[in-house]
Amino acid sequence: MIQSNFVRWSGVLLVTLFAASSAQAGDRKPNIVHIVADDLGWKDAGFNGCTDIKTPNLDKLASGGAKLTQFYAQPMCTPTRACLMTGRYPWRYGLQTMVIPGTAAYGLDTNERLIPEVLKEAGYATAIIGKWHLGHADLKYWPKQRGFDYAYGATIGELDYYTHGDAGVLDWFRDNKPVHEEGYTTTLLGDDAVKYINSQSPDKPFYLYLAFNAPHTPYLAPEATIAKYAGIADPTRRTYAAMVDCLDENIGKVLSALDAKGLRENTLIIFHSDNGGTHNAMFAGQMADVSKIKIPCDNGPYRDGKGSLYEGGCRVVACANWPGHIRPQAVNGIIHVVDLFPTLTNLAGASTAKCKPLDGLNVWSVISENKPSPRTEVIYNVEPFRGAVRQGDWKLIWRTLIPTSVELYNIAQDPSEKNNVADSHTDMVAAMKDRINALGKECSKALALEFIAGTALKHGKPLIAAEAGQPQAQIGDGPSITDEGFGETDHLP
């Protein structure tokens with residue numbers, strides 16, 4: 001009898017301890033690895049139908065998790081990165097237009113509260129490894145000053161993959177200090193992410209923002225990887241394929257590091273591109289001459305690409321994976337990059353009370369269980385010269401510059417945006433234009449437009465032509481009183 005009671009109570013004790021252990025494991029805050037590619041075409045990953053580029057690690061993430069078929073970003077890099085850092089649309093703080101140029105001094109408003117700051121308060125270690133592009137001219141804009149415990153990588157929009165800079169200026173830093181090292185940026189970022197993961201304690205959750213600059217221009221890749229794609233006839237597509245291959249390889253190294261460290265089961269991985277692949281040479285960057293090549297990105301069925309308000313510019317390749325927490329399936333609910341802020345902070349048990357009002361929505365049930373999305377509206381952008389909004393299945397693109405134009409598409413029936421039906425739905429067009437106008441009244445001034453105007457109107461020497469071999473005609477060194485400096489007297493004797 002005593003032995004029988006002992007066995008019975010031992011069993012009860014074991015069950016109790018297992019239940020407590022399971023509950024404790026269930027209460028653990030997940031590690032978050034947020035991986036962003038740069039200008040990756042929607043169809044340039046195997047899980048979206050690519051056949052000439054191999055992406056086995058991304059394909060494994062997608063097949064074992066949620067393939068996000070309607071994941072939206074802003075049409076360009078800086079606005080998207082600002083969205084994911086703040087959970088707020090970029091026109092709220094002036095970053096709605098273009099990217100931050102290398103010669104510009106502005107950045108993401110320091111009054112905005114960023115996701116690493118919020119997660120740190122919830123007990124997370126925070127790191128950015130990769131591209132920032134939210135302000136570089138003043139250290140107050142840098143990631144180390146914005147909530148990241150550790151920061152390694154580049155601050156501006158594009159850089160040489162081997163020299164790690166632009167126009168002779170180094171753009172490669174670790175914790176604000178310049179780093180002079182050899183190597184291909186994609187590999188360096190992957191290696192550093194592995195080191196970071198290996199240094200983490202299983203008792204403290206971490207948020208790793210791994211922002212590759214691949215496959216953004218300039219189109220450069222290791223020769224050995226390019227050789228793997230000898231079957232691709234077009235040389236630029238061949239190099240681009242090698243860049244995507246390296247990206248996938250280094251994502252694979254990160255996954256292996258998580259497995260080896262025993263962290264994979266408690267790590268959520270989110271992957272997406274910052275915008276659609278480039279189609280228009282205007283948006284290919286300044287470091288590559290694309291006038292004599294075929295731009296290699298493939299956005300599949302979606303129209304246009306980076307910089308445009310069509311689906312090819314804003315609907316991006318994306319997936320999410322967390323073993324045991326995300327059902328493997330295609331998820332068709334609408335998600336916008338602003339939604340990641342409230343979704344991730346909610347999973348982390350972090351408070352957003354100190355944040356400004358968020359535009360993002362918690363879409364965890366959409367990602368994890370394919371439940372209907374709470375998001376019924378997507379704001380593609382609102383600028384002084386154009387705007388676009390999707391409400392349900394309907395999308396309006398409105399260009400306000402003369403000559404104005406209006407396009408209306410049923411995205412569910414016409415995802416390639418071939419059939420403009422604006423003329424037959426005038427009431428809907430009017431209502432959606434009113435919505436864009438209302439949003440326009442909430443916009444901050446576009447900092448990029450102010451920068452461009454200030455640069456264009458800055459006083460300098462006029463570019464007046466001269467005959468071949470002759471210098472410009474000169475009348476002295478001082479400014480004319482008819483220039484913008486009219487009324488100034490400091491140059492007078």
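The values are calculated or read from the model by the stated rules, or taken from the named source; none is laboratory data. Note that the structure is predicted; figures quoted are calculated from it, not measured. Heads up, the Cβs are rebuilt from the backbone with ideal geometry, glycines too, and the neighbour counts pull from every protein chain shown.
Worth pointing out:
- Unmet requirement for Lys371, which otherwise passes all of (1) under 20 Å from Pro90 (Cβ atoms); (2) part of a loop (DSSP other than H, G, I, E, B); (3) not aliphatic (A, V, I, L, M): (1)
- Unmet requirement for Ser4, which otherwise passes all of (1) hydroxyl-bearing (Ser, Thr, Tyr); (2) surrounded by fewer than 18 Cβ atoms within 10 Å (Cβ to Cβ); (3) at pLDDT 95 or above: (3)
- Thr78 being part of a helix (DSSP H, G or I), over 25 Å from Ala257 (Cα atoms) and at pLDDT 95 or above: yes
- Some residue of the range 186-206 being within 22 Å of Gly107 (Cβ to Cβ), within 21 Å of the chain's Cα centre (by Cα), at pLDDT 95 or above and surrounded by 23 or more Cβ atoms within 10 Å (Cβ to Cβ): yes
- Here the range 412-468 is the region considered, the condition is being in a helix (DSSP H, G or I) and touching a Phe, Trp or Tyr at 6+ places or on another chain (Cβ under 7 Å), and the residue that is farthest from Arg399 (Cα to Cα) is Phe451.
- Cβ pairs under 8 Å, 6+ apart, first in the range 175-202 and closer than 15 Å to Lys261 by Cα and not assigned by TED's automatic domain parsing to the domain that holds Glu158, second modelled with pLDDT of 95 or more and outside any loop (DSSP other than H, G, I, E, B): none
- Condition met for Ile232 (β-branched (Val, Ile, Thr) and either modelled with pLDDT of 95 or more or assigned to a helix (DSSP H, G or I) (or both)): yes
- Candidates Cys314, Cys319, Cys297 - the one that is in contact with a Leu (Cβ under 7 Å, 6 or more places away or on another chain) and touching a residue at least 12 places away in the same chain (Cβ under 8 Å): Cys319
- For Arg238, the conditions (1) among the basic types (Lys, Arg); (2) surrounded by fewer than 18 Cβ atoms within 10 Å (Cβ to Cβ); (3) more than 30 Å from Thr343 (Cβ to Cβ) are fulfilled apart from (2).
- Some residue of the range 123-140 being surrounded by fewer than 24 Cβ atoms within 10 Å (Cβ to Cβ), of a type in the set (A, V, I, L, M), in the same structural domain as Ala211 (by TED's automatic domain parsing) and part of a helix (DSSP H, G or I): yes
- Among the residues listed as Arg303, Arg315, the single one being assigned by TED's automatic domain parsing to the domain that holds Lys67 and under 17 Å from Asp38 (Cβ atoms): Arg315
- Of the criteria (1) under 16 Å from Asn31 (Cβ atoms); (2) out of contact with any Gly (no Cβ under 7 Å at 6 or more places or on another chain); (3) of a type in the set (Ser, Thr, Tyr), which one Thr126 fails: (2)
- Being among the hydroxyl-bearing types (Ser, Thr, Tyr), in the same structural domain as Leu258 (by TED's automatic domain parsing), assigned to a helix (DSSP H, G or I) and out of contact with any strand residue (DSSP E or B) (no Cβ under 9 Å at 6 or more places or on another chain) is a description that does not apply to Thr352.
- Yes/no for Asp160 being surrounded by fewer than 18 Cβ atoms within 10 Å (Cβ to Cβ), touching a residue at least 40 places away in the same chain (Cβ under 8 Å), under 20 Å from the mean Cα position of the chain (by Cα) and over 18 Å from Gly123 (Cα atoms): yes
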